1. With respect to the numbered conditions (1) in contact with a Ser or Thr (Cβ under 9 Å, 6 or more places away or on another chain); (2) modelled with pLDDT under 95, which one is the sole condition not fulfilled by R697?
2. Can you name every residue in region 405-457 that is modelled with pLDDT under 95 and outside any strand (DSSP E or B)?
3. So, S451, is that one within 30 Å of P137 (Cα to Cα) and hydroxyl-bearing (S, T, Y) or not?
4. With respect to S564, is the statement that it is closer than 17 Å to A126 by Cα and hydroxyl-bearing (S, T, Y) true?
5. Need a quick list: strands (runs of 3 or more DSSP E) entirely within region 148-245 having at least 2 residues that are small (G, A, S) and modelled with pLDDT of 95 or more.
6. For region 338-359, what are the residues that are assigned to a strand (DSSP E or B) and acidic (D, E)?
7. Could you list, in sequence order, all residues of region 612-636 that are touching a strand residue (DSSP E or B) at 6+ places or on another chain (Cβ under 8 Å) and among the aliphatic types (A, V, I, L, M)?
8. In region 124-147, what residues are of a type in the set (A, V, I, L, M), under 21 Å from L585 (Cβ atoms) and not in a loop (DSSP other than H, G, I, E, B)?
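The values are calculated or read from the model by the stated rules, or taken from the named source; none is laboratory data. Worth saying up front: this structure is predicted, and the values here are computed from it rather than measured. Methodologically, a virtual Cβ is constructed for each residue, glycine included, from the backbone with ideal geometry; neighbour enumeration extends over all protein chains shown.
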Amino acid sequence: MVPVGQRPGLVSAHAPARLDRTAFPPRGVGAPDFFDPCFFHGTCMPSHPRHQPLATGKAWRLAAGKAWRLAVAPLALCLAQAAPAQTATETATEASATTPPRLQEVRISADTDNGMGFAPDQAQTAGKAPMRRLETPQSVSVVTREQMESRQITNLQQALQTVAGVSPVNFGRRGFDDIHIRGFRSTESVLVDGLVQNTGMWAKLQPYGYERFEVLKGAASVLYGQVQPGGIINAVSKRPGTQAISEVGVVLGSFGLRTLQADVNRPLAESGKTALRINAQVSDSGDPTDFVYRKDRWLAASLALDAGPRTDGVLFATYNRSQWLRQQGLSPYGTVLPNPNGRLPRTLFTGDPGFGAYDVQSSTLGYTLEHRFTPAMVLRQNLRYESQQGTGHFISNQALQADMRLQNREASRQSMDYDILATDTSLLSRFAALGMQHQLVTGLDLRSGHSRFIRRVCRIGALDLFAPRYGMATTCPATPTGDAPAKLTVAGLYAQDQIKFGPGWTALLGLRRDASMNHIDDRVKDVQTRQKDSATTLSAGLVHEFKPGWATYASYGESFLPVSGLTFEGQPFVPETGKQWEAGLKYQAIGGRMTGALALFDLVRENVGTADPAHTGHRVQTGAQRARGLEVELGADLQRGVKLSGAYTWTQARVTRDNNAAIVGRPLNLTPRHTVAAWANYQLAQYQRVTLGLGGRYVSEQIGSYPFTLPAYFVADASISYAGQDYRVTAGVKNLFDRAYYDGAINANVVSPAAPRSVSVGLTYFF
């Protein structure tokens with residue numbers, strides 16, 4: 001029987017388990033083993049009588065050089081150590097020799113952290129190891145699998161709606177994941193299993209393939225290198241577990257939504273260490289806007305390997321194909337600004353359905369590896385090769401003509417071919433020194449990628465917004481408007497130490513050194529550019545747990561992000577930098593059923609590009625921006641079937657320095673001053689198979705793009721689910737009151753209408 005009110009949970013290979021705090025030794029006596037036995041194989045999966053172990057693209061462009069041989073060397077080392085057979089006597093002797101005498105066992109119970117619950121007490125993004133959120137001197141938010149399922153999440157933006165500091169951004173439902181964190185664009189700071197994606201890829205994550213999303217807010221370059229200053233999102237993939245469990249589901253909804261999905265896990269040996277997991281999703285959908293559609297095909301497979309008692313490994317591969325006609329947005333005149341010709345219909349398509357759509361295929365292949373030299377020293381390596389090829393045809397809106405009804409347009413035909421090989425090798429160790437307990441992670445991450453983006457800018461006639469006529473001819477040049485193949489190589493060496501000392505004190509210190517080389521071959525201008533960048537970044541934080549479950553903290557962090565391009569004098573741009581100061585208060589109820597956080601932050605972004613006043617058409621890096629704010633978050637798994645999450649954000653993000661004096665002091669685009677979001681589940685007391693969900697979000701007025709603003713709005717969502725013997729039925733409504741509002745803008749010519757009310761019904765069968 002499916003547990004009432006939830007799906008039968010599968011402990012992911014990467015899901016942090018809940019640690020029983022009663023098993024911790026007293027401070028100064030010895031630290032517990034913080035390495036999570038659920039990390040690879042879900043060994044703490046709750047027992048279920050139906051879930052018993054069973055008896056049984058494109059060529060890689062591997063970068064050459066000493067750095068890559070060094071990076072992959074741990075794989076050979078671990079396999080070599082795991083290969084020899086050990087006798088029982090040898091194993092016992094080895095265990096006695098390597099286990100610290102004061103090390104105590106950590107009892108682990110799989111309840112709300114393994115993809116379940118609304119109040120997870122751990123995250124691993126802040127330390128590349130499971131860490132209590134209470135002991136992390138930085139804001140970390142977690143969106144669990146249960147939260148995603150309770151709200152019928154279909155994209156990353158929806159998943160992060162209840163996370164403080166994340167702004168709702170809509171660039172016209174263009175098919176990508178667009179994210180703003182703490183006032184700054186963070187679209188290129190989306191990681192998958194701790195590895196940065198190729199920033200040029202047309203990427204859109206499929207939430208069904210992930211166990212949870214972790215959001216680390218603020219400057220985070222010490223552990224992750226070249227990222228944007230607002231923060232990062234780490235998507236943690238579903239991985240094999242120790243128990244046989246399967247589900248298949250179908251979802252039908254408004255605007256032609258049809259989704260078929262499956263998630264199957266099968267152990268292949270009695271030990272459960274060898275296991276296979278496959279999840280897949282096929283989805284087709286229309287759109288409130290005429291002609292717009294999207295088709296997705298997603299497949300992911302992962303195989304956990306038994307490489308010996310001290311070594312764990314997972315091989316994985318994914319394939320995704322997406323085809324879509326993007327929503328172009330509408331003119332602000334006739335939507336948020338007056339137009340003498342009247343209001344524009346929200347269903348209006350300003351492109352041309354005959355011009356073409358996007359068609360993108362992507363695939364990944366890689367592995368994760370962990371080798372335990374001792375219980376207090378672990379070597380880990382993640383490696384992923386990712387490739388993406390596709391074409392994209394779209395028509396962008398330009399300025400309106402004088403009659404305010406004819407929309408000038410520009411058509412583009414694009415093709416892209418990207419690949420990237422990324423690896424992160426780290427040594428995680430725990431030791432005591434000078435009366436303090438240390439959790440030290442040191443590592444080397446490397447990336448090497450190729451990209452080629454070809455663009456042809458075509459001519460197309462203006463569209464009458466009030467009497468549209470489609471099928472206009474386009475004229476495209478024979479040679480590309482843009483064609484600049486690029487090769488990027490990045491290397492980063494980092495160290496971060498979590499230090500526990502005194503009664504309830506925890507310090508976190510980090511240091512990183514990065515170097516990158518970007519080689520661009522502009523074939524249109526016949527110019528080759530080699531750009532070298534390097535940077536040293538720091539982080540420091542202090543946490544004081546002044547009473548059980550309550551902690552105050554303060555921290556400082558830095559980020560850097562290389563910028564491509566040249567000044568008028570031909571000098572390469574220097575990297576953008578970010579600096580953040582943060583302080584706050586955290587709460588975690590004993591037993592982990594409630595978490596809360598309050599954070600104050602001050603974030604500065606420097607070396608921002610601005611117009612060169614002396615040379616028209618060129619740019620200099622004398623701009624600066626600043627974001628300050630307050631964030632409050634709450635997550636709770638309460639008694640009597642109540643679960644809730646809530647967030648409030650106050651943000652003041654402004655331009656502090658720019659060569660355009662008119663915008664200095666103005667708010668940054670798409671950064672509302674106030675946002676409030678909440679969601680609650682209630683399992684009926686008399687009908688415990690029924691769970692109700694209700695939530696909403698308020699977003700205050702915000703700058704869309706100068707010179708217009710987007711009005712404030714409130715949107716409510718609702719859901720109901722019924723858990724049967726081996727199935728679950730869910731129904732959900734988004735935009736319950738069918739509010740007409742605008743939640744994004746691309747530029748001064750385009751405003752993005754939000755989706756109207758939509759209804760979906762899903763059936764999931766567990767076996």
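1. (2)
2. L434, G435
3. no
4. So S564 does not fit the description; no.
5. 231-237
6. Correct list: D359 only.
7. V620, A624, A627, L630, V632, L634, A636
8. M131, L134, V140, V142
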